[in-house]
């Protein structure tokens, strides 16, 4: 049997969502100090990851800890892993914001610790391939990501690849990849909380030893759960009378005494396997474009469109971001730093009432500080023929210079068919009527351009009621349709603008609802005509935090980003739309959705499912999803507005 080289990565986060600010000193005392003391006492190497913000807070509250940490770093016993100034979700923020976050983080590391890290733990271990170049450009040589979250979507991977570093494929460059492991870190937590005996835990580790040398992450997660309870869940383990750190010290000592186990630093795993280049792996897939650590219930929707008011918080951050961009080079680092702080994941899950209040005040202050005078667009005269509008029973037909459109007045102005004028017999999207698919599971009407709200135990709410729209015409030849649709939750005011000079429809939706219960709100739901595209080159594209769009080909896939994970979790994945758009199509033509993220920072979702000999494929925008972080309160009640456009490329 060969040696097992085990390493530990401890994630330190004083901005932890459910830790009150006045408890931070207690967390340092109960959670952070014992780690340094055990490392020094047993001579064990540990990897420690923390943001620049957490480092600043420790320096403010307990500078002696910083001195001890620096001592361990200088002795080569501890390794600093970075993550930026704040713990932001990379696939949900524009590339420029991540670049600023990484730069500001390095500045704090250098100032307080006199060094900068070369390995980064991906924030919340929420990954997208577009992030690779950003980390490389910031000076990082390796990233840390969860094996289980990625491998579950890659059955073709060799299971032995988890026992050594690999490479993560970016869009143009690769980066060294160090693993964490969900099952492994949960075993440590179970042992520390008294749910496993030491013998049971050591037996688990023994089984990781193989015939060839292996490296393996024995722990890679939060530290604030040992001898402290953040208070997120009623199911959290009860603190025992004896210290959990005493149990952990016994575990560390037993691991160290095992002659077949070497405890190393995370960076050492790269040196140990230097003889092997590792495999260049695409961690993402079309079904899971943004992998997230741990079990499937943890996914990108929890920081995008769930929480206390993710949608409102992210929309405000997008507004600030656009305000900063409008100023150009005159933006100071303090404003970027504050935006990074406000875009942190910690304000988007189990945030306490007091911290939510403080966050809301700081968010409003930065919005006010960065506000720019509204610039009225110059009137532009477009020499375009106004669309022809013709009513045909319950259909409304509109013909522009490039489009043939048919809206269904009986179904809330859902698109019945949308075709290019140059190819009128082959609509690209529209309505698939009841019975279109020879499969009872799909035996309903599938509309385009409609909205649905689903809440547990309640009837679905949709905007598919009959309407008699007000039709008006603009100065540039555009045609506007406006209708108010009554629903049990309140009216939906739908305004559609069909452009005369471009193959484009603008959607402006006002949900005049006073309360928003737990549930899922999906907008658009644009359904592709099954025969309209070349399925061999069909793909979707969008930005998930990178500078370039990611493309995912759909041939042979069966995916549904919006499918529920359980009764509690309403969706499993999504697209960050970090440049405000997503498109879908083949090598000849594409449907594109452009989203006004400063009005509502929506999440993209794609469905692609073979149904018999046909295909069900649609693209959707999500404004609200449900999971255990969803907490409707006064802050997110009242009307919501959504703006997006559908165009043909």
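Computed from the coordinates by the stated procedures, all read-outs in this text should not be read as laboratory data. In this text the structure is predicted, and so the values were computed from the model without any measurement. So basically every Cβ, Gly included, is an ideal-geometry build from the backbone, and we count neighbours across all protein chains shown.
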For the residue 422, residue 567 Cβ pair and Förster radius 51 Å, calculated FRET efficiency rounded to 0.05 is 0.60
If each part is reduced to its alpha-carbon centroid, the range 77-134 and the range 393-426 end up apart, in Å, by 48
Distance in nm between residue 514 and residue 246 label points, each 7 Å along Cα→Cβ, equals 5.7
Extension length gain for residue 111 and residue 29 (0.36 nm per residue less Cα distance), in nm, is 27.2 nm
Each label sits 7 Å from Cα toward the beta-carbon; between residue 388 and residue 476 the label points are separated, in nm, by 2.4
With the 8 Å Cα cutoff and a minimum separation of six or more residues, the range 458-561 has a relative contact order in percent of 14
In degrees rounded to 10, the 0-90 angle between helix 244-257 Cα long axis and the longest Cα principal axis of the chain is 70
Cβ density ranking, 10 Å radius, fewest first, applied to 543, 11, 279 yields 279, 543, 11
Under the 7 Å Cα-to-Cβ spin-label approximation, residue 260 and residue 211 lie apart by a distance in nanometres of 1.4
Per-residue ellipticity at 222 nm attributable to helices in the chain (runs of n ≥ 4 DSSP H, -39500 (n - 2.57) apiece, nearest 500 deg cm²/dmol) works out to -7000 deg cm²/dmol
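Indicate the gyration tensor shape class of the range 150-305 (rounded, prolate or oblate), computed on the Cα atoms with a ≥ b ≥ c the square roots of the eigenvalues: a/c under 1.5 is rounded; otherwise a/b larger than b/c is prolate and the rest oblate.
oblate
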Scoring the chain by relative contact order with C-alpha pairs under 8 Å, at least six apart, yields a percentage of 15
Stretched fully, the stretch from residue 137 through residue 445 gains (0.36 nm per residue minus C-alpha distance, one decimal, in nm) 106.0 nm
Here the gain from full extension of residue 397 to residue 613, 0.36 nm per residue of separation minus their alpha-carbon distance, amounts to 74.7 nm
With Cα coordinates, the longest principal axis of the chain makes an angle with the long axis of helix 33-42, in degrees rounded to 10, of 40
Shape call for the range 525-616, from the Cα gyration tensor axes a ≥ b ≥ c (a/c under 1.5 means rounded, otherwise prolate when a/b beats b/c, else oblate), comes out oblate
Neighbour-count ranking for 628, 156 (other C-beta within 10 angstrom, fewest to most) reads 156, 628
Percent antiparallel among DSSP beta bridges confined to the chain, nearest 5, equals 75
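At a threshold of 8 angstrom on Cα-Cα distance, excluding pairs fewer than six apart, so keeping six or more, what relative contact order does the range 4-303 reach in percent? Before the final figure, lay out the partial values.
Working: 515 pairs, mean separation 80.7, N = 300.
Relative contact order here is 27 percent.
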With R₀ set to 41 angstrom, the calculated FRET efficiency between the beta-carbons of residue 186 and residue 367, to the nearest 0.05, is 0.55
Nearest 10, in degrees from 0 to 90: the angle of helix 310-327 to the longest Cα principal axis of the chain is 80
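Let me know the shape class of the range 4-303, please: from the alpha-carbon gyration tensor, a ≥ b ≥ c as square roots of the eigenvalues, rounded when a/c is under 1.5, otherwise prolate if a/b is greater than b/c, or oblate.
Values: a/c = 1.35, a/b = 1.09, b/c = 1.23.
Judged from the Cα gyration tensor, the range 4-303 comes out rounded (a/c under 1.5).
Cut-off is 10 Å between beta-carbons; in what order do 113, 324 appear when sorted fewest neighbours first? If you can, show how the numbers build up before the last one.
Values: 113 17, 324 21.
By the 10 Å Cβ count, ascending: 113, 324.
What FRET efficiency comes out for residue 253 versus residue 555 if R0 is 45 angstrom and r is the Cβ-Cβ distance? Round to the nearest 0.05.
0.25
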